[in-house]
Amino acid sequence: MRRGIAGLLAGTLVALALAALAPDAPAQQPVPRAMGVDTANQCLACHAAQREAATVGVHSQQGVRCVDCHGGNPDVAALPAAHQGGFVGRLNKVQTAELCGSCHSDPNKMRAYGLPTGQLAQFRTSKHGQLLFGSGNTDAPTCAPTCISCHGAHSALPPTGGEIASVCGQCHQLVDQAFQQGPHGLASKAGSLHGCLACHSNHGTERVAAGNIAATCDKCHASNTKLHQMGIDLQRRVVQAQQDMASAARAIDLLSAAGAQVGYYKFRYQSALTYYGQIAQAQHSLDLEKVDGLARRVRSVSVDLTTASDTKQENRWEHKLVLVPVW
């Protein structure tokens, strides 16, 4: 009996000694939501990728939370309860523009911040808005953008002057390449020019009409300077190319009315249309020599089609003269 008790005591002492030598058990880690996340906004406990942008953005600073745009229940972290209460995950493009506009079109909400309220109305009438709201076009190659395409989704920051061209260049890549190669690109990078906004508006995004190019240049460049003259020269070339395209289109209509096979002429017209589109890109570089070369190609096609149309009209008239005595 004494031997049994002694053995039990010895075993206990050995176990205690081994336990003392064992490493300390790791301390229990806190749950993710304890890591600097607003406990009243449990969404960020799981959606960590959006945490930084959502917390440093101007919306967060003004008390706008995830639930205000996405719905759901921000008071709980567990699913499915967190995604109840009208939860909307990723909004489509139309929903995004309308959601942003629901606040930014409200004068009462924007008055405190001194912000305008016409952005959504301007966007709707812009080419971007027409593609999105009118045509329902949400995909490449037209890539109809929404508010978050330029401002970001959660940080919601306006692009700085030096960033504007890069933001527009996400879609308008060839225009951006030409712009960056010219003097305006250098000025934009230096921060002395607000990129595309120097000539175009931000939400209306209207094109500068060919006949208004020089006047647009005059907003920055005095009328007695070489840069003013460059604007006039650029406008003259673009206007001439525009007129040549109209003449080419009219020639095809006349050829078709005269009974000519116009397949070849339409092919030539498409090539001229390509050159004309390249003029719209090249003019952003202010490289008049390059614009000249493209304009000459447009004019060459236009002259060919106009000549073919005139020849067809003359032959048709002569044919009528021959038929008169027969009758």
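Check whether at least one residue in segment 289-305 is assigned to a loop (DSSP other than H, G, I, E, B), touching a helix residue (DSSP H, G or I) at 6+ places or on another chain (Cβ under 7 Å), surrounded by 15 or more Cβ atoms within 10 Å (Cβ to Cβ) and not aromatic (Phe, Trp, Tyr), and report yes or no. No, there is no match, as no residue in segment 289-305 is assigned to a loop (DSSP other than H, G, I, E, B), touching a helix residue (DSSP H, G or I) at 6+ places or on another chain (Cβ under 7 Å), surrounded by 15 or more Cβ atoms within 10 Å (Cβ to Cβ) and not aromatic (Phe, Trp, Tyr).
Every residue, every condition in (1) more than 22 Å from Cys43 (Cα to Cα); (2) within 16 Å of the chain's Cα centre (by Cα); (3) loosely packed, with under 14 Cβ neighbours inside 10 Å; (4) without any contact (Cβ under 8 Å) to a residue 12 or more places away in the chain, yes or no:
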| residue | (1), (2), (3), (4) |
| --- | --- |
| Asn73 | no, no, no, no |
| Asn92 | no, yes, yes, no |
| Leu132 | yes, yes, no, no |
| Ser135 | yes, no, yes, yes |
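Note on segment 174-198: among residues that are more than 18 Å from the chain's Cα centre (by Cα) and in a loop (DSSP other than H, G, I, E, B), the one that is surrounded by the most Cβ atoms within 10 Å (Cβ to Cβ) is Leu193.
What about Pro80, is it closer than 25 Å to Val208 by Cα, without any contact (Cβ under 8 Å) to a residue 12 or more places away in the chain and exposed (fewer than 14 other Cβ atoms within 10 Å of the Cβ)? Criteria not met by Pro80. Among the residues of segment 137-165, the one identified as loosely packed, with under 15 Cβ neighbours inside 10 Å, closer than 30 Å to Gln62 by Cα and of a type in the set (Ser, Thr, Tyr) is Thr160. Scanning segment 145-176 for residues that are in contact (Cβ under 8 Å) with a residue 40 or more places away in the chain and among the polar types (S, T, N, Q) returns Thr146, Ser155. Here segment 257-274 is the region considered, the condition is being at pLDDT 95 or above and hydrophobic (A, V, I, L, M, F, W, C), and the residue that is surrounded by the most Cβ atoms within 10 Å (Cβ to Cβ) is Ala272. Contact map, segment 211-233: residues that are without any contact (Cβ under 8 Å) to a residue 40 or more places away in the chain paired with residues that are outside any helix (DSSP H, G or I), Cβ distance under 7 Å, separation 6+ or inter-chain. Pairs shown: Thr216/Cys199; Thr216/Val208; Leu227/His221; His228/Asp218; His228/His221; His228/Ala222; Gly231/Asp218; Gly231/His221. Residue count for segment 162-173 satisfying the condition of being part of a loop (DSSP other than H, G, I, E, B) and either of a type outside the set (A, V, I, L, M, F, W, C) or in contact with a Ser or Thr (Cβ under 7 Å, 6 or more places away or on another chain) (or both): 5. Every condition in (1) in contact with a helix residue (DSSP H, G or I) (Cβ under 7 Å, 6 or more places away or on another chain); (2) farther than 25 Å from Ala190 by Cα; (3) not acidic (Asp, Glu) holds for Gly169 except the one numbered (2).
Cβ-Cβ contacts under 7 Å between residues 6 or more apart (or on different chains), taken from a first residue in segment 249-274 that is without any contact (Cβ under 8 Å) to a residue 60 or more places away in the chain to a second residue that is buried (at least 18 other Cβ atoms within 10 Å of the Cβ) and assigned to a loop (DSSP other than H, G, I, E, B), are listed as Ile252/Val262; Leu255/Val262; Ser256/Val262. For the criterion of being closer than 30 Å to Gln95 by Cα and not aliphatic (A, V, I, L, M), His184 fails. Only residues that are assigned to a helix (DSSP H, G or I) and in contact (Cβ under 8 Å) with a residue 12 or more places away in the chain were counted across segment 94-112, and they come to 8. Apart from one condition, Gln281 fits all of (1) surrounded by 14 or more Cβ atoms within 10 Å (Cβ to Cβ); (2) under 24 Å from Lys312 (Cα atoms); the exception is (2). Checked against (1) surrounded by 16 or more Cβ atoms within 10 Å (Cβ to Cβ); (2) at pLDDT below 90, Gln122 passes all but a single condition, namely (2).
The values are calculated or read from the model by the stated rules, or taken from the named source; none is laboratory data. What you are looking at is a predicted structure, and each value in this text was computed from that prediction instead of being measured. Cβ sites come from the backbone with ideal geometry, for glycine too, and all protein chains shown count toward neighbours.
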